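Below is one structure, written out as structure tokens; the observations come after it.
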Amino acid sequence: MNRTPLKIAFSDIRTDQHDSVASDYSIRAFESVQGQASTLEAVWTVRKSSDGMIRSGRTVASEPVQGQGFDALAAAHSLALAKMSGDIAASIRVEAEQKS
């Protein structure tokens, strides 16, 4: 079995704007070992256009691969990305609650 991690590095930043909030994220590393784990490291920033609020964070997520096939590896990737999405969403919710 090949245990060499698959390393993917992204140098670009993605921006998504929705309801006056912009989120930028940079995936620093996405490493996978088939049959073992998928690990994501990302930094992100959320900006609210109405008041200039800025929150930054870092997500490191490691998800076990539940099986030997590529479907199992893709599922672990999806869970790691969901963790990052959840961290960004939580940051937006905290700001919304502080304004209430």
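Where a number appears in this text, it was derived from the coordinates with a stated rule and is not lab data. Just so it is clear, the structure is predicted and the values come from calculations on it, not from any experiment.
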Residue by residue, what Karplus-based ³J(HN,Hα) values in Hz, rounded to whole numbers, does the range 56-64 have, using 6.51, -1.76 and 1.60 with θ = phi - 60° and x for Gly and Pro?
10, x, 9, 10, 10, 10, 10, 10, x
Residues whose modelled amide H sits under 5 Å from the amide H of residue 53, counting only those 5 or more places away in sequence or on another chain, are 48
